[in-house]
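Following: one structure in structure tokens, then a few remarks.
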Amino acid sequence: MTDRAVRLTRFSYVAAPALLVVYGSIRLLVEGSREPGAAWITGHFAFLGGVLFFGVLCGGLRRSTLVAAGSVRRRVAWAAWAVALAGVGAAAAQALIDLYVGFRAADKPEMSELFTRVQDVPGVLPVVYTVVPLFLYLGMIALLAALGGPGVVRPLVLFVLGTVAIAANLDFLPLGGLCYLLAFAPLRHRVPAPRTPDAVLPAPARVG
């Protein structure tokens, strides 16, 4: 990893949950956030950004595990990372659909009609909304468990609590995002630093 990539990865440990808090707060507190308009668009751009940063964060957890764990935990980290990325892709698709509908719809009834059309396409509901997005949470739980080491139990418990809160009621998105922030922010320093480039060896001297 380059120094810039390391900084971006460490930044994602704060940005991903913070953007989820922003989205949840807009959804909960801003008038008009559940119908076409600026609040809907702003909130879902925050949601999309948060999802993409969670993808970067998952890569950081995987790299942290690869440099510190044994072979079994490294294999778990690779598998969990792939599962989490599938969830990231599904959640990002969901955010993009929400943005498309928000830009296209003139009012809430038209928004509902557009969502119905999209979700009636075979496979869209389980892949984008009900099944595959859950892979993000399952993958991240496995990544945290594979990471191991001192100080991982607390982030794992906070992540599970945040996920349970969001699953119970989407109005708890800000609370869930705060749990995620408290879980991941202390782990950002475990992202491996850039590798020092190998020294260039001198060419062997010719004989004869």
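Quick notes on this one:
- Crossing angle, helix 38-68 versus the chain [Cα axis fit, 0-90 degrees, rounded to tens]: 20
- Cα centre as origin, Lys/Arg/Asp/Glu Cβ charges: the chain dipole, Debye: 1200
- Theoretical FRET efficiency, 1/(1+(r/R0)^6), r = Cβ-Cβ of Asp171 and Ala193, R0 35 Å, to 0.05: 0.30
- Using the Cβ-Cβ distance between Ser25 and Tyr100 with R0 = 22 Å, the FRET efficiency computed as 1/(1 + (r/R0)^6) comes to roughly 0.45.
- The stretch 99-143 versus the stretch 1-46: alpha-carbon centroid distance in Å: 17
- Which of Pro36, Pro155, Trp78, positive extreme of dipole for the chain (C-beta unit charges): Trp78
- Relative to the dominant Cα principal axis of the chain, helix 71-104 is inclined by about 30°.
- Here the extension length gained between Val164 and Arg34 equals 44.5 nm, from 0.36 nm per residue of separation less the Cα-Cα distance.
- Whole-Hz ³J(HN,Hα) from phi, Karplus 6.51 cos²θ - 1.76 cosθ + 1.60, for the stretch 123-136, glycine and proline x: x, 5, 4, x, 6, 9, 10, 10, 10, 4, x, 5, 4, 4
- Rel. contact order, % - alpha carbon contacts under 8 angstrom, at least six apart, the chain: 31
- Rounded tilt (10° steps) of 108-119 against the dominant C-alpha axis of the chain: 50
- R0 of 30 Å, Cβ-Cβ distance Trp78-Thr2: FRET efficiency to nearest 0.05: 0.90
Here, each number is a calculation from the coordinates, and none is a lab measurement. As the structure is a prediction and not an experimental result, all values here were calculated from the model. No Cβ is skipped: glycine too gets one built from the backbone with ideal geometry, and neighbour counts run over all protein chains shown.
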